[in-house]
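The values are calculated or read from the model by the stated rules, or taken from the named source; none is laboratory data. Just so we're clear, the structure is a prediction, and the values are computed from it rather than from any experiment. Because the Cβ atoms are built from the backbone with ideal geometry, glycine has one as well, and the counts that use them run over all protein chains shown.
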Amino acid sequence: MLNLLKDYIPNTALNQVLKLLEHDNLAVKIKNERKTRHGDYRQMPNGKHQITINSNLNVYRFLITLIHEIAHFDTYKTYGKNIKPHGVEWKYTFKHLMLPFLNPEIFPNDLLPLLARHFKNPKASSDTDTDLAYALKQFDAPNNKHYVFEVPAGSTFKLYNGRVFKMVKKRVKRFECVEIKTGRLYLFNPNAEVELV
């Protein structure tokens, strides 16, 4: 497990993470980028458990995602399967597991206040926390993607699947955009990553 994870998380977090993964029936696999998720957890038909994480995540997002998925495993072990996937039990477990990692030896100082605020009530995805998602993006490898909130009104952009949209305006929290091909109106979260056309 050490050889698998050492290039994906901060070195200072490695020993703590390895302790969390000391289970005979738990495997971690690193996958190519998936557009719809950073990682996932599931119980396999043979009774073993598997966590998958995208290989393209920066070390801080990878660590958060890995702990997120370990929290699903621990929640399953403690409470069984008849609970909400991101319910009270999972939130409590995720916060409890993440707390020892929230220190300047592991995360940069400018991320710590955002992480502390996020973990008061963690969401199903850190991407729904716009400030945290934007701060984490600063550690990504450069790419030609922008967040929707950075797209000027009237500009066009495309998604990973090739669909093209025109920015209309900001609502309270989300952005109105019109799909060029169909003329249909869609609402985007501010931190959806898009490519300007």
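Contact map, segment 128-156: first residue assigned to a helix (DSSP H, G or I), second residue exposed (fewer than 13 other Cβ atoms within 10 Å of the Cβ) and acidic (Asp, Glu), Cβ cut-off under 9 Å, separation 6 or more or different chains; pairs are ALA135/ASP110.
Do we have any residue at all in segment 57-78 that's in a loop (DSSP other than H, G, I, E, B) and either closer than 24 Å to ASN191 by Cβ or at pLDDT 95 or above (or both)? Break it down into steps so the answer makes sense when it comes.
Of the residues in segment 57-78, the ones in a loop (DSSP other than H, G, I, E, B) are 57-58.
Restricting the remaining residues to those that are either closer than 24 Å to ASN191 by Cβ or at pLDDT 95 or above (or both) gives 57-58.
Looking through segment 57-78, at least one residue is in a loop (DSSP other than H, G, I, E, B) and either closer than 24 Å to ASN191 by Cβ or at pLDDT 95 or above (or both).
Is it the case, given these coordinates, that LYS181 is at pLDDT 95 or above, of a type outside the set (Ser, Thr, Tyr) and in a loop (DSSP other than H, G, I, E, B)? Yes, satisfied. Quick check on my filter: what residues within segment 34-58 are loosely packed, with under 11 Cβ neighbours inside 10 Å and either touching a residue at least 12 places away in the same chain (Cβ under 8 Å) or outside the structural domain of LEU20 (by TED's automatic domain parsing) (or both)? Within segment 34-58, LYS35, GLY47 qualify.
Take segment 83-97 and flag every residue that is in a helix (DSSP H, G or I) and either surrounded by 15 or more Cβ atoms within 10 Å (Cβ to Cβ) or among the charged types (D, E, K, R) (or both).
Of segment 83-97, the ones in a helix (DSSP H, G or I) are 88-97.
Once the filter is applied, which keeps residues that are in a helix (DSSP H, G or I) and either surrounded by 15 or more Cβ atoms within 10 Å (Cβ to Cβ) or among the charged types (D, E, K, R) (or both), segment 83-97 yields GLU89, TRP90, LYS91, TYR92, THR93, PHE94, LYS95, LEU97.
Residue count for segment 116-127 satisfying the condition of being closer than 21 Å to LYS35 by Cβ, among the polar types (S, T, N, Q) and part of a loop (DSSP other than H, G, I, E, B): 1. Just one of the listed residues (LYS166, LYS173) is outside the structural domain of LEU112 (by TED's automatic domain parsing), assigned to a loop (DSSP other than H, G, I, E, B) and either small (Gly, Ala, Ser) or more than 21 Å from HIS38 (Cα to Cα) (or both), namely LYS173. The criterion of being touching a helix residue (DSSP H, G or I) at 6+ places or on another chain (Cβ under 6 Å), buried (at least 16 other Cβ atoms within 10 Å of the Cβ) and in contact (Cβ under 8 Å) with a residue 60 or more places away in the chain holds for ILE64. With the condition kept exactly as written, say whether any residue in segment 100-115 is over 17 Å from the mean Cα position of the chain (by Cα), in a strand (DSSP E or B) and in contact (Cβ under 8 Å) with a residue 40 or more places away in the chain. For segment 100-115, residues over 17 Å from the mean Cα position of the chain (by Cα), in a strand (DSSP E or B) and in contact (Cβ under 8 Å) with a residue 40 or more places away in the chain: absent.
So which of PRO100, PRO104 ends up being in the same structural domain as GLU22 (by TED's automatic domain parsing), within 21 Å of VAL17 (Cβ to Cβ), of a type outside the set (S, T, N, Q) and exposed (fewer than 12 other Cβ atoms within 10 Å of the Cβ)? Reasoning before the result, please.
Details: PRO100 fails: exposed (fewer than 12 other Cβ atoms within 10 Å of the Cβ).
On inspection, the qualifying residue turns out to be PRO104.
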